[in-house]
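Input: a single structure, listed below in structure tokens.
The values are calculated or read from the model by the stated rules, or taken from the named source; none is laboratory data. These figures come from a predicted structure and were not determined experimentally. Don't worry about glycine lacking a Cβ; one is built from the backbone with ideal geometry, like all the others, and counts go over all protein chains shown.
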Amino acid sequence: MKKWLLPLIIIALIAFWAYSKGSGFYNNAITLKEEATGQWANVESSYQRRADLIPNIVSTVKGYATHEKETLEGVIKARAEATKTTINAGDLTPEKMAAFQKSQSGLSGALSKLMVVVEKYPDLKANQNFLELQSQLEGTENRINVERNRFNDKVKPYNKLLKKFPNFIFAKWFNLGDMTYFKSDSGSEKTPKVEF
């Protein structure tokens, strides 16, 4: 056997191993990333549902609480701010995630103020349309929480895959980075009391 043949075979085996390992990693990483990205769309959809309910709630409250103009305008402004802040699912940086959460928190705060106003109007609290909207809003808030948790559940295997050896080397080659988890705002561990 010729001396140059053995090194050539070794190089070919290493190249084949790197190709098969790298392509397998890449395909797996892309699959996991797409699942997380798709789940982010569900998170945004849930927030959009909440935003879509707000005009109906404001309209219903407006009929009973016409002199609460400042509160109603605050909710409308917070809704506009929340709906204009979006994130490309492929670019979920911690900074963009924080901006998204800040706009959504502003809307939650405005809704809380609105519900405090509702307490002053017993007829409104008994209005069937308002009760139905209140129930839909509550269900939507639960849905948002479920979708955020599912998003984090999809991000976790992707991030774990990128951190394992030799995957972290391949991740650098393919320019794949960690995805950001959805984290709660500071102080959100204390549940606010909102009564309808």
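The set of residues in segment 165-183 being within 18 Å of K154 (Cβ to Cβ) and either surrounded by 14 or more Cβ atoms within 10 Å (Cβ to Cβ) or without any contact (Cβ under 8 Å) to a residue 60 or more places away in the chain (or both) consists of N167, A171, L176, G177, D178, M179, T180, Y181, F182. Exactly one residue among N88, N145, N127 is polar (S, T, N, Q) and under 18 Å from N56 (Cα atoms), and that residue is N127. Against the test of being closer than 30 Å to N129 by Cβ, polar (S, T, N, Q) and either assigned to a helix (DSSP H, G or I) or at pLDDT below 90 (or both), the options N28, N42 yield a single qualifying residue, N42.
For first residues located in segment 1-21 and under 25 Å from N167 (Cα atoms), partners that are modelled with pLDDT of 90 or more and assigned to a helix (DSSP H, G or I) and lie 6+ apart or on another chain with Cβ distances below 8 Å form the pairs K21/F170.
What about L32, is it more than 30 Å from I76 (Cα to Cα), out of contact with any helix residue (DSSP H, G or I) (no Cβ under 7 Å at 6 or more places or on another chain) and of a type outside the set (F, W, Y)? Answer is no for this residue. At least 2 residues being modelled with pLDDT of 90 or more, closer than 30 Å to S23 by Cα and out of contact with any Phe, Trp or Tyr (no Cβ under 9 Å at 6 or more places or on another chain) is the threshold, and among the helices (runs of 4 or more DSSP H) wholly inside segment 87-190 those reaching it are 128-163, 167-173. Could you look through segment 47-57, keep only residues that are of a type outside the set (A, V, I, L, M, F, W, C) and surrounded by fewer than 19 Cβ atoms within 10 Å (Cβ to Cβ), and pick out the one that is nearest to Q128 (Cα to Cα)? The selected residue is N56. If only residues of segment 159-176 that are hydrophobic (A, V, I, L, M, F, W, C) and within 23 Å of the chain's Cα centre (by Cα) are counted, the one that is nearest to L32 (Cα to Cα) is L161. Number of residues in segment 1-25 that are part of a helix (DSSP H, G or I) and either aromatic (F, W, Y) or on the phi > 0 side of the Ramachandran plot (or both) equals 4. Per this entry, F196 is counted among residues that are modelled with pLDDT under 90, aromatic (F, W, Y) and in a loop (DSSP other than H, G, I, E, B). For the residues T66, T60, T31, the requirement of being surrounded by 15 or more Cβ atoms within 10 Å (Cβ to Cβ) and out of contact with any strand residue (DSSP E or B) (no Cβ under 8 Å at 6 or more places or on another chain) singles out T60.
Among the residues making up segment 106-155, those that are of a type in the set (F, W, Y) and buried (at least 17 other Cβ atoms within 10 Å of the Cβ) are F130, F151.
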